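The values are calculated or read from the model by the stated rules, or taken from the named source; none is laboratory data. Remember, it's a predicted structure, so these values are computed and weren't measured experimentally. Please note: Cβ atoms are built from the backbone with ideal geometry, for glycine as well, and neighbour counts cover all protein chains shown.
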Amino acid sequence: MSSIAVTSVPSPAVPLPSETPSAETTSPSPPLSGKGSSGAAAAPVLRIRGLRTYFYTYDGVVKALDGVDLDIQPKETLGLVGETGCGKSVTAFSVLRLIADPPGRIMAGEIRFGDANLLWGLEREAKFKPVKKTNRVKVKRNFRAIQQAQERVNSVRGAGISMIFQEPSSALNPIFSISDQLSEALRLHRGQEILGGLLTPLPSKEAIESAITTLLEAPPGSEGQNVRAASQAFGQALGHETLGTQAYHILRQSGLSDEQRREELVVATHRFQLGSLQRRYVQHELRGVQLREETNAALKEEMVEGRPLTGRLRSLRSRALGHWFRGLVFALPGIGRRAKHPAKDEMFWRSVRLLEGVSIANPYQVARGYPHELSGGMLQRVMISMALSSDPSLLIADEPTTALDVTIQAQILDILRGLKHRLGSSVLLITHDLGVIAETADRVSVMYAGVVVETAAVQDLFRSPLHPYTQGLLNSIPRMDDPTKHLESIPGSVPNLIYPPSGCRFHPRCPHAMEICKQARPPVTIEAEGHTVACYLYHGPVVPP
């Protein structure tokens, strides 16, 4: 950030900066993605329009979000910044329909994930009646419609949109091991791949013995590189990558002779040599996964087409109920433990592979451990591995580095950057740290009091901030190249969103406020390619709806 200069916001009496196009010279509909103007813009992964989320409290209605518009492009990192309480996390929770209801409720808007409208049917979920002579509102909820909406959103949670929560120690269950919690995510979103792999037979006994001999003859490397490569080759030779992961940890154990390692490697292959009971259990679970995927496909079709598929869903739920009754035999203690053992082992080693992917130290021991045994940085890595277990199209990271020290923050950001490039996912990065945004984001949206006030490419925002609030945020950051710089603060405080200011919500704190700012909310205008702002100081073309 030391190389980025910050310009001053013009006062109302001063003309706009020369580099800012005027309404006459700006094309009527330039691309808003900040990715350039060559060719047609790609359809956004996530499109939010007019999102309003309110909280109904005894003191009144808190208008936490009041008309939020956002676009996230494919393979893009969009940073969402602002003061505490401006609505960043509420935006993320609204996308996944995780707003606690009551007291919260999404009131209006459109959230499109690809072709699916995640808020389809919102108008049927509740009715509202103001309480006379108060600022309160009575909400009559249609719980059946709310349950149906949750089922529809569940079809894209995890598999399509994943989230890294702000506080991992609160998001993880303290009574289940790390591998159990990762296994649940794997079973939900990659169950067909994992269970189908268990039914894939191993090569002949001679081929297994030959692969084990080759593995044990591999020369150890100074830091295990040779052992890792040999273990991966072992898993590939037997057709199961998790065998390679397990083999690596067997070879890295100290105090084992070659004969003991050979015995453990042979035992490791037994989970793919299923007995009749175990095979029946895996086939039963696989049918359940297929039914769930058919149901999710029908729910997504509802959101895409905007019409209920009542008959089709009723048939799928009836089949799912019959499937559940047929599986009760596997709930018996003696039978269930033997039947589930291979699947449980496979899920455990899949969990270890996930933890290896986020560079966690000693993933085997971490997978066996519990959340209270891990540090904040390790817990955050666990959350990242869980969020990415299904290769989502969109990853929402809600302040993933807030509670971590600087060294761990850098490691977590490196992991996010590497995983983004490897998986090709889009990222919504929520933070109040503008240094993190400068290093990580492609575009930035600045929020204030439940509305987006400015959006631009990251370099454009830091070089030429337009909105007075954005200018105030940047002026509060110390600069390494100018240690004598006077740090400024934004006067006043965040408004009470039960009684938000009229017009522009920032006008009580704005040094350039005009009379019109108090009367009407400013429109969002285009001031440069990919640079939009909601402020009466600028007069570019209004962003089309």
Strands (runs of 3 or more DSSP E) contained in the stretch 26-104 and holding at least 2 residues touching a Gly at 6+ places or on another chain (Cβ under 9 Å) and modelled with pLDDT of 90 or more: 46-56, 61-72
Close pairs from the stretch 68-80: first among the hydroxyl-bearing types (S, T, Y), partner assigned to a loop (DSSP other than H, G, I, E, B) and crowded, with 22+ Cβ neighbours inside 10 Å, Cβ under 6 Å, at least 6 apart: T77/A441
Which listed residue is modelled with pLDDT of 95 or more and crowded, with 20+ Cβ neighbours inside 10 Å, from A441, A456, A449: A456
Odd one out for D391 among (1) closer than 21 Å to F113 by Cβ; (2) of a type outside the set (G, A, S); (3) outside the structural domain of V352 (by TED's automatic domain parsing): (3)
Residue in the stretch 515-524 that is surrounded by 16 or more Cβ atoms within 10 Å (Cβ to Cβ), among the aliphatic types (A, V, I, L, M) and either assigned to a loop (DSSP other than H, G, I, E, B) or over 29 Å from the mean Cα position of the chain (by Cα) (or both) present: no
Residue in the stretch 268-278 that is buried (at least 16 other Cβ atoms within 10 Å of the Cβ), within 27 Å of V156 (Cα to Cα) and either free of Cβ contacts under 8 Å to residues at least 60 places away in the same chain or among the aliphatic types (A, V, I, L, M) (or both) present: no
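Take the stretch 112-130 and flag every residue that is touching a Lys or Arg at 6+ places or on another chain (Cβ under 6 Å) and in contact (Cβ under 8 Å) with a residue 12 or more places away in the chain.
Let us first name the residues in the stretch 112-130 that are touching a Lys or Arg at 6+ places or on another chain (Cβ under 6 Å), namely 112, 116, 126-127, 129.
Residues satisfying the conditions are R112, A116, A126, K127.
Condition check ((1) within 20 Å of L388 (Cβ to Cβ); (2) exposed (fewer than 15 other Cβ atoms within 10 Å of the Cβ)) across all residues:
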{"position": "F176", "(1), (2)": "yes, yes"}
{"position": "L182", "(1), (2)": "yes, no"}
{"position": "L198", "(1), (2)": "no, no"}
{"position": "E209", "(1), (2)": "no, yes"}
{"position": "T213", "(1), (2)": "no, yes"}
{"position": "V227", "(1), (2)": "no, no"}
{"position": "S231", "(1), (2)": "no, no"}
{"position": "A237", "(1), (2)": "no, no"}
{"position": "H240", "(1), (2)": "no, no"}
Helices (runs of 4 or more DSSP H) contained entirely in the stretch 403-489, each with at least 3 residues that are hydrophobic (A, V, I, L, M, F, W, C) and within 15 Å of L80 (Cβ to Cβ): 434-440
Among (1) over 27 Å from the mean Cα position of the chain (by Cα); (2) among the small types (G, A, S); (3) at positive phi, the one test that G158 misses: (1)
